[in-house]
Structure formats: C-alpha cells, structure tokens
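What follows is a short report on a single structure.
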Amino acid sequence: MISTYDLPLDFEKELRDAIDWTSGSLKVHEAWEGFPGRAFGGFLAGAVLVAAAGRTLHPRPLSLFSRFYRPTPVGRAVKVEIVTEQRAKHLDTFDIRLVDDGRLLSTFSVAFGRDDGSQRSSQGLLPPPPLVQPRLVWQYCEEMGIKPERLV
C-alpha cells in the first residue's frame, strides 16, 4: 500500500487550480485547514504568491509580507483583489487583499524581481565556519574584519 506521504507533492499546481482567473476568486480547499474550519495561512500566502506571479514577467519572488485580520473559512471561495503598486525594469510589487462577503480577511505585499547578474551583498561575506572544525567566535569575527569587545 502506498501512503499519500510517499507521493510527490505539487503545491503550485494545487494552488494554481484553486484560483479562478476570470472571477478573481480563490477556492479555499478543506485540505488547507489549519484550525477547525479555518485555513492555514501558509496555503493562503502560497496561493497569493501564485496569483501575483501570473501578473509579472519577473521570475523570482523577492518578498512576501502577510497580515491576517480574520480567519479564512475553508470550503468556499474568497475574493482576491490584486493591485499593482509598481512596475519597473527589475522589480514589480503588488498589494493583495483576500475578502469574504465584503469583510477584509488578510492583506499581502509581494515583490518580484529578476536576476541582473549583480553581486548580492550577502555574497561578499565569508562563509560560516564548517561545523566539523570548530573555531573560537573571536577568530571568525576577526576574519570578517570585526574586532569584538571583550566581555568582562
């Protein structure tokens, strides 16, 4: 017997199928239940990310900020309102609201960008020390150019 946990999961397909592009609604499936009768916010955030990705040519989601004001009920459709805040050469941002019967459930701010080949600031940092060769913290800090103060 094959367990459902052994099967590969395709959340993007599930989330994409839950979005009705013509009516601008999101069918909140019962399987997304986090608390009894209420949707788990991670599924909602994922669905919003997929919905916003359909409105941009930039391939990489850069940020997703969520605010949940009311629980989202499972088993029915809620309205997805997407407002384009900014369109630029390397960045698109969107404000998204989930609404049920005129009541605001949650808001999301999403940004998508593209790789322009520029070096990221995090790439300039030294990699963390390997776990198999422990070093003293002060040695690692000095390698990064930080002079730690002595604790008394």
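Expressed in nm to one decimal, what extension gain is obtained for the pair ARG38 and GLU81 from 0.36 nm per residue of sequence separation less their Cα-Cα distance? Intermediate values should be presented prior to the final figure.
Details: separation 43, 0.36 × 43 = 15.48 nm, distance 2.01 nm.
Result for the pair: 13.5 nm of gain on full extension.
Roughly how many Å is it from the Cα centre of the range 8-38 to that of the range 42-76, as a whole number?
One Cα centre to the other: 11 Å.
Once you sort the root eigenvalues of the Cα gyration tensor of the range 4-113 as a ≥ b ≥ c, which label holds: rounded (a/c under 1.5), prolate (a/b larger than b/c) or oblate (the other case)?
Judged from the Cα gyration tensor, the range 4-113 comes out oblate (a/c at least 1.5, b/c at or above a/b).
How fast does the range 58-106 diffuse by Stokes-Einstein, in µm²/s, taking the Kirkwood radius from C-alpha pairs at 37 °C and 0.692 mPa s?
Stokes-Einstein gives a translational diffusion coefficient of 263 µm²/s.
So how strong a dipole does the range 4-113 carry about its Cα centre when Lys and Arg Cβ are +1 and Asp and Glu Cβ are -1, to the nearest 20 debye?
I would put it at about 380 debye.
Just so you know, all these numbers are worked out from the coordinates, no wet-lab data involved. Computed from a prediction, not measured in an experiment: that's the story for all the values here. Backbone-built Cβ (ideal geometry, glycine too); neighbour counts: all protein chains shown.
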